[in-house]
Every structure is written in C-alpha cells, then in structure tokens.
1. Using a Förster radius of 35 Å, what is the FRET efficiency between LYS86 and THR30 based on their Cβ-Cβ separation? Nearest 0.05, please.
2. How high is the relative contact order of region 21-243, given as a whole-number percent (alpha carbon pairs under 8 Å, six or more residues apart)?
3. What are the ³J(HN,Hα) couplings of region 30-43, residue after residue, when phi is run through the Karplus curve with 6.51, -1.76, 1.60 and θ = phi - 60°? Round to Hz, x for glycine and proline.
4. Counting only heavy atoms of protein chains, what accessible area per residue, in Å², does region 57-190 have with a probe of 1.4 Å?
5. So how much slack lies between LEU126 and SER177, counting 0.36 nm per residue of separation and subtracting their Cα-Cα distance, in nm?
6. Apply the Kirkwood formula to region 21-243: the hydrodynamic radius equals the inverse of the mean of 1/r over all pairs of different alpha-carbon atoms; give it in Å with one decimal.
7. Among the DSSP beta bridges whose two residues both lie in the chain, what percent are antiparallel, rounded to the nearest 5?
8. What percentage of the solvent-accessible surface of the chain, computed with a 1.4 Å probe over protein heavy atoms, is contributed by carbon and sulfur atoms?
Amino acid sequence: MNKLSAMLLFATAVFSAQTKIIAHRGFWKTENSAQNSISSLQNAQELKVYGSEFDVRMTKDGKLIINHDEKFNSLEISESDWSEVKKQKLQNGEKIPTLKQYLKHGGKDSSVKLIIELKPAKTLDLEIEMVEKALKEVKRLELFGQCEFISFSLNICKEIKKRNGEAVVQYLNGDLSPQELVKLDIDGFGYHYKVLQKNPTWIQEAQNLGLITNSWTVNDINIFLELKNSGIGHITTDIPHLLKNN
Ligand code: MG
C-alpha cells in the first residue's frame, strides 16, 4: 500500500465512523416492545445509539401525544379528546405516551438525542399550537440541548426556528435542495434515501454548507453502506442494532 492509499483509507475510516444511528420510532424490534413506546426509547438508550426518533400528534383538546398514524385503531387523534385516546393500548399493552412522559424518560439518559417529529396538522393554526406546546415542554424540562426537531411540514420547521433560533431543525419532505434549506435557515435534511439516490450531489453540497444530513428509513445494509460511503452524517433505521457496528 502506498502512502496515498494509506492516507485515503485512514480518512475513509475516520469519515465513515461519523455516521450516526437514529432508532426510528425507538428501538422497537425486540421482544415485548412497540413503535413509539417508552420501552422502545428505553431500548434505544440501552443500545447507546446517537438518537431515538418519535412522532408527535395533537388530540382535539390540545394534548401532545406520541403516535405515528393519524388514526389509532378507529379513533382519529385530531378529532378525539385525550380522555378517549388514552384508553387505547399499544400492541405490547403499554399506554400511549404523552410528549411530557416521553421527554421525561428521554431526559434520564442525556447521551441519547431525542429526535422529535412533529406531524403535519390540518391547519396552520393547529401546527403553530403544536410547535408552541412542544417547545414549551422541552424548555420546561430543560432538554433543549438533547433535542432535535424534524417535520414534513415546512410551516412547522419555519415556526420552530422563528420561536427559537437555537433549536436544531431538519426538513423531511425531500423537495428542497441544500441551498434552498440554507435560505430558509433550516439546519439540515432528513430525506428518504431514494431522494438522495436521485440527487447524488446533495449530501456533499449540504455538508459544504454546514447542514445536517440524514436519511430514512434505511433498513437495508447495502443502502446503508452506499449512504455511508457518500459521507452521510446520520441514518434513521428500524434495525439500529444491526447497523450500529457497520
Ligand atoms: Mg417519524
């Protein structure tokens, strides 16, 4: 091996080591866990990944809760009061967590980032209410340094930055270039890996602009390695235990 090859290998190893793993909806692919449950967050903490992602929605009476889909069983969350929603159980029998409960558990281990996805709501006003309530809760629990915010809603991303310029915000919808994100003062992207395959220059461009780069939901080792070799900063996955040491 000549000197240049050795240097390149070393640089690749150092660079690759920086790909951070985020457990998508917690690390739930274990016995007795469920997506977006407190136990899935606990598992991510025990796995010692970079971050644990979860989805936030708001009930009709304004409670922020953790759930991915708009409906839970037959209940439409945004059209139901918390008193009804809380009677539902997750697949493993756990209760649906509130944002407050989830953050409190997350705060027990400051080494695992809390990646808060605020789901789009039906109106701009509802999205603003969600943003205000989420920021208030994070601030009250003094967890700002441990949290990052992500959303498919550009409105939500902008509202977070408007209210707290120091909040770390990443946009998910895949339709804005790195240059456009910089103009909007958004800190980075979390795009579907197919978006990044279609736009192969975006990871490098984003990094040159100082943006955070993330991709979801990467559950295939070959796609993971492809993105890692492109220098991506973060990966969001349902199999954090399998990707963590690659
Ligand atoms: Mg999510």
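The values are calculated or read from the model by the stated rules, or taken from the named source; none is laboratory data. All values reported here derive from a predicted model rather than from experimental measurement. Note that we place each Cβ from the backbone using ideal geometry, even for glycine, and neighbour counts take in every protein chain shown. Surface accessibility is based on the protein's heavy atoms, side chains included, excluding ligands, DNA and RNA. Shrake-Rupley method; radii C 1.70, N 1.55, O 1.52, S 1.80 Å.
1. That pair, LYS86 with THR30, gives E of 0.90.
2. Relative contact order comes out at 18 percent.
3. These are the phi-based 3J(HN,Hα) values: 9, 5, 6, 10, 7, 4, 6, 9, 4, 5, 5, 5, 4, 4 Hz.
4. Using a 1.4 Å probe on heavy atoms only, each residue of region 57-190 averages 49 Å².
5. 15.7 nm
6. 17.6
7. Restricted to the chain, the bridges split so that about 20 percent are antiparallel.
8. 51
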